[in-house]
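Below: one structure, written as structure tokens.
The values are calculated or read from the model by the stated rules, or taken from the named source; none is laboratory data. Note that the coordinates shown come from a computational prediction; the quantities given were computed from them, not determined experimentally. Positions of Cβ are backbone-derived with ideal geometry, glycine not excepted, and every protein chain shown enters the neighbour counts. To get the accessible areas, we keep the full protein, side chains included, count just its heavy atoms, and leave off ligands, DNA and RNA. Shrake-Rupley method; radii C 1.70, N 1.55, O 1.52, S 1.80 Å.
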Amino acid sequence: MRKRNELLPKDLKDICNPSLFKFETTKELVDTTDLIYGQERGIKALEFGTDINIKGYNLYLEGPSGTGKTMYTKKFLAQKAEKEKVPNDWAYIYNFENPNEPVAVSFPAGQGNAFCSTMENFVKDVRKDLKKTFNNEDFEKEKQIIKQEFEQKREELLEKLNQKTMMQGFQVKSTENGVYMMPVLDGKTLVEEEFEELDESVKREFEERSNLVQEQIFQALAEIKTIEKEAEKKVEEWQSNIALMTINVHINSIKANYKRNKKISTYLDGVKKDILKNINYFLASESELKAANQMQRGENKEPWLNYRVNLIIDNSKLEGAPVIMDTNYSYYNIFGGLEYENQYGALKTDYMMIKPGLLHQANGGYIMFQAKDLLSNPLCYESLKKALMVKELNIDNSTERRNGVMLVSIKPEPIPLNVKVLVLGSSNIYHTLLSLDEDFRKLFKIKAEFEEDAPKTPENIERLSKFVRSFCNQENLLDMDREAMAKLVEITSKMAEDKDKLSTQFSEIGEIVGEASVWAKKDKQKIISKKYIQKALDERIERIKKYDTRYLQMIKEETLLIDTEGYAVGQVNGLTVIKIGDYSFGKPARITASTYAGKEGIINIEREIEMSGPSHSKGVLILTGYLGEQFAQDTPMSLTANLCFEQLYGGVDGDSASSTEAYAMLSSLSGIPINQSIAVTGSINQKGFIQPIGGVNEKIEGFYQICKLRGLNGEQGVIIPKQNVRNLSLNDEIIEAVKKGKFHVYAISTIDEGIEILTGVPAGQKDSQGKFPLGTINYLAQEKLRKFAKVSEK
């Protein structure tokens, strides 16, 4: 016969009817586009945040890990980005005015690569054409004419010089090694020996005149030098004019394609001037260039190397805006940097060694970061904020430290930044950033909240089926039949801890489906049936239930004292949840109460030894308030009571044991024993009403394990808050035991209902005079308290 407050088997789990599904297997589901469910608010915020193009409107996607926010966001952004404009290519080019500050230049998507090829071909063509031009016979003839003019003028000057010096008795001769003068006497040029034989007076006369002759020679040499420079200049000008005609043909052709790009125009003018300045390199042979480079200690001095283009972002193959997500959160990978090469003990770099980062790749589109990983590198987070504030991307290698090595670095021009940043993380991280970082609110003005559960509607169940089909197809798993799908719906409802909801922990759901597929394949099945879903669940628990098994063994061996039959005064089985790592399980704990005369009130032993958490301590204080209102309206409550979690050595928290402690107190005060076959959970308020708790399924299943171990006697069961009935999703074995009357689940609203189930004695309600009926639990407890009061008065 069903007792008062006892739940029926149908109340213990919401069964999903397989007939709800219109398919035999999930393979029949073709449309798997609408996979995510229950995230309408988050999706709406995501859509709005990505549509608004105002500084600071970046997004923080908040939600527990595994709820599909990353999966959905990537898919959403990919679809949105497809319809958007492809961003520009970006390249760095040489700065001829300031070589240490390379110039950043942008091109419409695809044209950056074309410009690189253009400049490569330009160098090849110019080198070839210049050599061809300067090897031309006409050029050589003109060059020879200029040289002949110089030689003629030189000879004329030397002739005039000789005429002047002859008047002073000296003849001037010109050789390859220079100009020298010789004395002349009687029309004959004297050699050194003949000059020495002259009279001293004649020698002196020659020496006096030699000073004037030397001045004349120096003056003539200066004039020759001037003519020589004019000739060289004339040759250079002629070369430049000839070269310029050749260069302009190519330069003007390139300029015509980039008329609106001022940076390219300036750059090409610089290229032209640099070629004219280094024309000899362009005319040199390969062997001559090699020899010149060897003279420079291996450093390549070929001028056309500065005409290369460093295309750091090539969007030629991109369709729509970029969507970037990576797992490498190093500074260099996110922001780019400079590479170096060692040259004789110094690390050198140039504009061709500038490397882009993720933000360069995402520029003009979207980039996603995991909050936990981003914040693990504070420099990256601070640099990201700075870039978003100034809307510029700087290549900054100031973070690098190389002890004992000299760095020869450059400062590339910043690139304008236009990117939408999406940071994905937990609510704890969000609120921490909000409270500690004043810049966070300015830069991440949109929060998109992703829930961990969703309403269990037919539409959401259908979406769950689509997710399973998509996941199976993606991971090459077996498909599920409708019975297996119905079982999975029940599991997701249990994960959500609510009969009317489905869990959105898609990661864990996928794990269950994947493991069920493996078990089915081991049995050479072609479809996942219901039993393999259950098998996957059982095996998942079996793999990590070491501590659960040890607790069970200790109870079996009576190392931990738990009674599951009989009666005892001031003793009751409370239900607890133990969480170790990623596994939580329910187990009972013996709670005892001893009461005696005194004025110390209720003593929480765990609190006294600092093993009680704040929630548990609060629960005990609430219990004091309940006892005071119930029994101390006309008589002071003179009581000392000790409450204890027996054999508890690791601390206790939570208020779900407060109703259990109340039952132990009432039993101790009334002297009425409590049925040890029944375990209890639930918190109370000061008015004696039962309040809901968490982990109700684990608690029930944990106590059932122990009862089953010792043998079900038909008396065993649990008492839970009535509000937790909607959270029930017990396993099939417990439901079957309840059907057979071997196990019971009671749902209550008040302490009075609970104590009646535990003792079999009426709790008793106050009459109009504030008195309880004779023989009831409350009457006996009140009488005991009055007795304590009288004793305390003596």
> Inside segment 535-562, can you point out the residues that are surrounded by fewer than 18 Cβ atoms within 10 Å (Cβ to Cβ) and in contact (Cβ under 8 Å) with a residue 60 or more places away in the chain?
Replying inline: 556, 561
> Looking at segment 341-361, which of its residues are out of contact with any Gly (no Cβ under 9 Å at 6 or more places or on another chain) and modelled with pLDDT of 95 or more?
Replying inline: 361
> Can you name the number of the only condition in (1) open to solvent by 60 Å² or more (accessible area, probe 1.4 Å); (2) assigned to a strand (DSSP E or B) that residue 361 fails?
Replying inline: (2)
> Under the condition of being closer than 18 Å to residue 574 by Cα and not in a helix (DSSP H, G or I), which residue from segment 702-727 is farthest from the chain's Cα centre (by Cα)?
Replying inline: 715
> In segment 409-431, what count of residues is obtained for those that are open to solvent by 20 Å² or more (accessible area, probe 1.4 Å), over 17 Å from the mean Cα position of the chain (by Cα) and either of a type outside the set (Ser, Thr, Tyr) or under 15 Å from residue 374 (Cβ atoms) (or both)?
Replying inline: 7
>> For segment 1-11, which positions are in contact (Cβ under 8 Å) with a residue 60 or more places away in the chain and either surrounded by 15 or more Cβ atoms within 10 Å (Cβ to Cβ) or assigned to a helix (DSSP H, G or I) (or both)?
In response: 5, 6, 7, 9, 11
> From the list 272, 255, 263, which one is in a helix (DSSP H, G or I), in contact with a helix residue (DSSP H, G or I) (Cβ under 8 Å, 6 or more places away or on another chain), modelled with pLDDT of 85 or more and closer than 30 Å to residue 348 by Cα?
Replying inline: 272
> Can you tell me how many residues in segment 36-57 are surrounded by 20 or more Cβ atoms within 10 Å (Cβ to Cβ) and not hydroxyl-bearing (Ser, Thr, Tyr)?
Replying inline: 7
>> If a residue must be surrounded by fewer than 20 Cβ atoms within 10 Å (Cβ to Cβ) and assigned to a strand (DSSP E or B), how many such residues does segment 325-338 contain?
In response: 1
> Any idea how many residues of segment 339-358 are aliphatic (A, V, I, L, M), assigned to a strand (DSSP E or B) and more than 20 Å from residue 105 (Cβ to Cβ)?
Replying inline: 2
>> Please verify whether residue 498 is touching a residue at least 12 places away in the same chain (Cβ under 8 Å) and either under 27 Å from residue 374 (Cβ atoms) or within 28 Å of the chain's Cα centre (by Cα) (or both), treating the condition exactly as stated.
In response: no
>> at pLDDT below 95, open to solvent by 10 Å² or more (accessible area, probe 1.4 Å) and under 22 Å from residue 470 (Cα atoms): which single residue out of 83, 74 fits that description?
In response: 74
> Which of the residues that make up segment 768-794 are assigned to a loop (DSSP other than H, G, I, E, B), modelled with pLDDT of 85 or more and open to solvent by 30 Å² or more (accessible area, probe 1.4 Å)?
Replying inline: 771, 773, 774, 775
> Going by the structure shown, is residue 728 surrounded by 20 or more Cβ atoms within 10 Å (Cβ to Cβ) and either in contact with a Phe, Trp or Tyr (Cβ under 7 Å, 6 or more places away or on another chain) or within 17 Å of residue 10 (Cβ to Cβ) (or both)?
Replying inline: yes
